[in-house]
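The values are calculated or read from the model by the stated rules, or taken from the named source; none is laboratory data. All of these numbers come straight from a predicted model, not from anything done at the bench. Counting neighbours? That spans all protein chains shown, and the Cβs are built from the backbone with ideal geometry, glycine included. Side chains included, ligands, DNA and RNA excluded: accessible areas come from the protein's heavy atoms. Shrake-Rupley method; radii C 1.70, N 1.55, O 1.52, S 1.80 Å.
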Amino acid sequence: MTRSPVHGTSTSPLTYPFDLGEDGVNRPGLHLHPTYHTVRESGTGVAEVVRPNGTRAKLVTRYDDVVHLLRDQATFSRQAALTDDEVDVEGTILGLDGAEHTEVRGVVTDHFTPKAVEKIRAQIERRAADHLASMLAQGQPVDVIEAFALPFALDTISDMLGLPQQDRRQFRQWGRRSWPPAPSAEPKPTRPRWRWSAISPD
């Protein structure tokens, strides 16, 4: 199959993320950018991209390939890519492989099953309504991430894990530190380093 011109190559990688504005801020819409679908339906379904920090990556868009990539941690390692991210995830579940990843995941898995979430659905809906009311009371303009999405997510996770109230301030601080800053619009010149990004449009 002939490679589509939109497909990123080693000599002409696609700029990623696809919704990155001229000011360096990523503003995805309600639906995936059409480039994801174009890449998925073209050639191998894999495109070479360059990220805002200048590092190179391969964007994988087909479901079966993503599953294989995530399961083959000996080849596609989270730990090997730690230095490619602006956010330090070393020691967290996002930066662990194999047995270490399984051990950490096992601590919280039971709290995120459909049955467990259903038990606290009403509580989550009330919390969402409270956060929305608080955000709307601030007037316009408002940063939806700072005013709603981030505090709502952190409070919900705290509820699900049964985190004591006295420990939640520290938990929120950790959560905010892990939130990536707005990327720079100009990629930093650096030696190309490859990182696999698994995103399935399905």
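Tell me, what is the FRET efficiency for Ala80 and Thr44 to the nearest 0.05, using R0 = 30 angstrom and their Cβ-Cβ distance as r?
With a Förster radius of 30 Å, E is 0.85.
Per 0.36 nm of contour for each residue apart, how much would the distance between Val25 and Ser12 grow if the chain were fully extended, relative to their Cα-Cα spacing?
Here the answer is 2.5 nm.
As an exercise, use a Förster radius of 25 Å and the Cβ-Cβ distance of His33 and Val108 to find the FRET efficiency, rounded to the nearest 0.05.
On the way: r = 31 Å, r/R0 = 1.23.
The computed FRET efficiency comes out at 0.20.
State the answer as a single residue: which of Leu82, Leu154, Ala133 lies farthest towards the positive end of the charge dipole of the stretch 66-168, with beta carbon charges of +1 for Lys and Arg and -1 for Asp and Glu, about the Cα centre.
Ala133
What FRET efficiency would be calculated for the residue pair Leu132, Glu90, taking the C-beta separation as r and a Förster radius of 45 Å, to the nearest 0.05? Before the final figure, lay out the partial values.
Details: r = 34 Å, r/R0 = 0.77.
So the FRET efficiency works out to roughly 0.85.
Please list Ser12, Ser42 from largest to smallest accessible area, probe radius 1.4 Å, with all protein chains kept in place.
Ser12, Ser42
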